[in-house]
Amino acid sequence: MFNALRKGFGLTFRTMFRPAATTQYPDVKREVQPRFHGRHVLNRYSDGLEKCVGCELCAWACPADAIYVRGADNTPDERFSPGERFGIDYQINYLRCIFCGLCIEACPTRALTMTHEYELSGDSREELIFTKEQLLAPLPAGAKPPPHTDTEVVARGFAYYEGDAAQEPTRGWRTTDQGGQAQSSGDPVTVDIGGGRTEPPSHPEHAQRNGR
């Protein structure tokens, strides 16, 4: 009992003589750590296309059910992302978000990342449900806003994906369905994420693993 009191009061006594660490917020904003998890952002490629392919993996990974994603197909005349699909509706409910970062770990194209912005407040619940327009990164300088056409994307010759699955974004690869018939599939997703890479397996292994 005495030892516990001695340790407790000793800690209080030592703290009394330490310099104050109070930050005069909001006039002075404290520097956050490099891996701080703040407000999300939906990234773009340098030509303006969106990195999000509407796969919904971030929504499935979210333990708080704070993310809603609805995908749609790109068309030859209206392309929003290099993949077969794009996120037509994207919402994050910051009333539920716990900023754990599992969503950005699940994203295969590094489309979703977290910034150092932590000033999130609103006068209503609706204001804290961020939409795709609020989450999208600004358009890079000189880039054309989506949608683009397939002709423009192919002529640009931009390398969106790397590794064994690298290909032109508008050209499908061939696989086999359960009936043994060849079919055209959409773009596999692989992207350099700086310091690491997420690459899908080669197509035959992928088909075998899924029992095809």
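The values are calculated or read from the model by the stated rules, or taken from the named source; none is laboratory data. Please read all numbers here as calculations on a predicted model, not as lab measurements. Cβ placement follows ideal geometry from the backbone for every residue including glycine, while neighbour counts extend to all protein chains displayed.
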Exercise for the section: Report yes if some residue within the stretch 9-26 is aliphatic (A, V, I, L, M) and at pLDDT 90 or above; otherwise report no. Expected result: no
Exercise for the section: Could you list all residues from the stretch 108-153 that are out of contact with any strand residue (DSSP E or B) (no Cβ under 8 Å at 6 or more places or on another chain) and hydrophobic (A, V, I, L, M, F, W, C)? Expected result: Leu120, Ala141
Practice task
Have a look at Gly179, Gly142 and point out the one that is assigned to a loop (DSSP other than H, G, I, E, B), surrounded by fewer than 12 Cβ atoms within 10 Å (Cβ to Cβ) and either touching a helix residue (DSSP H, G or I) at 6+ places or on another chain (Cβ under 9 Å) or modelled with pLDDT under 65 (or both).
Solution key: Gly179
Handout entry: Pairs, first touching a residue at least 60 places away in the same chain (Cβ under 8 Å) and of a type in the set (Lys, Arg) in the stretch 64-78, second loosely packed, with under 13 Cβ neighbours inside 10 Å and in a loop (DSSP other than H, G, I, E, B), C-beta under 6 Å, six or more apart
Key = none
Practice task
Considering every residue within the stretch 98-121, establish whether at least one is within 14 Å of Glu50 (Cα to Cα), in contact with an Asp or Glu (Cβ under 9 Å, 6 or more places away or on another chain), surrounded by 14 or more Cβ atoms within 10 Å (Cβ to Cβ) and of a type in the set (Val, Ile, Thr).
Solution key: no
Problem - Yes/no for Thr22 being closer than 21 Å to Glu117 by Cα, surrounded by fewer than 10 Cβ atoms within 10 Å (Cβ to Cβ) and among the hydroxyl-bearing types (Ser, Thr, Tyr) - result: yes
Practice task
State all residues of the stretch 28-56 that are under 23 Å from Leu128 (Cβ atoms) and of a type in the set (A, V, I, L, M); if no residue qualifies, say none.
Solution key: Val32, Val41, Leu42
Exercise for the section: Answer with yes or no whether Tyr94 is within 15 Å of the chain's Cα centre (by Cα) and modelled with pLDDT of 95 or more. Expected result: no
Exercise for the section: Report yes if some residue within the stretch 47-66 is surrounded by 10 or more Cβ atoms within 10 Å (Cβ to Cβ), closer than 30 Å to Ala141 by Cβ and acidic (Asp, Glu); otherwise report no. Expected result: yes
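Per-residue answers, yes or no, for (1) of a type in the set (Phe, Trp, Tyr); (2) crowded, with 21+ Cβ neighbours inside 10 Å; (3) touching a Leu at 6+ places or on another chain (Cβ under 7 Å); (4) closer than 16 Å to Ala111 by Cα:
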| residue | (1), (2), (3), (4) |
| --- | --- |
| Gly71 | no, no, no, yes |
| Asn74 | no, yes, no, no |
| Ser81 | no, yes, yes, yes |
| Gln91 | no, no, no, yes |
Practice task
Collect the residues in the stretch 80-125 that are part of a strand (DSSP E or B), touching a helix residue (DSSP H, G or I) at 6+ places or on another chain (Cβ under 6 Å) and without any contact (Cβ under 8 Å) to a residue 60 or more places away in the chain, keeping them in residue-number order.
Solution key: Tyr90
Exercise for the section: Identify the single condition in (1) farther than 30 Å from Cys100 by Cβ; (2) among the acidic types (Asp, Glu); (3) free of Cβ contacts under 8 Å to residues at least 12 places away in the same chain that Glu31 does not satisfy, given that it satisfies every other one. Expected result: (1)
Problem - Answer from Phe130, Phe86, Phe99 - the residue that is under 17 Å from Ala59 (Cα atoms), modelled with pLDDT of 95 or more and in contact with a Cys (Cβ under 7 Å, 6 or more places away or on another chain) - result: Phe86
